[in-house]
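What follows is calculated from the coordinates using simple rules that are stated; it is not laboratory data. In this text the structure is predicted, and so the values were computed from the model without any measurement. With ideal geometry, Cβ positions are generated from the backbone for all residues, glycine too; neighbour counts draw on all protein chains shown.
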Amino acid sequence: MESLFIEHEHITWHLACEVQDIPVDGGACVLVEGRQVAIYNFARRGEWYATDNECPHRQQMALSRGMIGSQNDEPKVACPFHKKTFSLRSGKCLNDDSYQIATYPVTVKDGYVYLGMD
C-alpha cells in the first residue's frame, strides 16, 4: 500500500491500512516510514491505539499480537511472550518501571486508519 501523508500541526498523518485489516479487539503490525507499529482496534471501548511493535523487555517484535484489556480503566497491551503490560495511552510499563514504549495518535476516516508521526 502506498504511503499517503497529510501535514497537520507538527504531525504527519500516514495512511497505515484499512479498518478491516485490524482485528476487532486485537492488533496488527504495519510498516510506516521503516518503523514497525502495532495498531489496536479496542472495539469494546470504541477506541484505536498505536504503539511501537517492539517489546523493550527482550527486543521482540510482538506487541501487535499481545492481548489487550484494561487495568483500573487504563487500556493496556500485554506482550505475548513475557507478559510485560504497557499503557496504550502513555506507553508506560504497568508492571515494571524500567520499560517504556512509544505511542502514536490514530485517526480513522472513511474506512482507513491513519497513523500520526512527528
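A simple spin-label model places pseudo-atoms 7 Å from Cα toward Cβ; at Glu18 and Gln71 they are separated by 3.6 nm. Amide hydrogen proximity for Ala43: with H placed 1.01 Å from N in the peptide plane, the residues at 5 or more positions away or on another chain lying under 5 Å are Asp25, Gly26. When only alpha carbons are used to place a centre, segment 11-29 and segment 48-72 end up 14 Å from one another.
Free of any GluC sites (Glu not before Pro) that DSSP assigns to a loop and that have at most 11 other C-beta atoms within 10 Å, the longest stretch within the chain is 34-118. For segment 99-115, putting each phi into the Karplus relation 6.51 cos²θ - 1.76 cosθ + 1.60 with θ = phi - 60° gives couplings of 10, 7, 10, 7, 10, 9, x, 10, 9, 10, 8, 6, x, 10, 9, 10, 10 Hz, in residue order, rounded to whole numbers and with x for Gly and Pro.
For a modelled paramagnetic label at Asp96, 7 Å from Cα along Cα-to-Cβ, the residues of segment 41-82 in reach, with backbone nitrogen under 15 Å, are 54-63, 77-82.
Label sites at His10 and Thr107, each approximated as a point 7 angstrom past Cα along Cα to Cβ, lie 1.7 nm apart. Once the mean of 1/r is taken over each pair of separate Cα atoms and inverted, the chain shows a Kirkwood hydrodynamic radius of 14.2 Å.
With contacts taken as Cα pairs under 8 Å at a separation of at least 6 residues, the chain carries a relative contact order of 24 percent.
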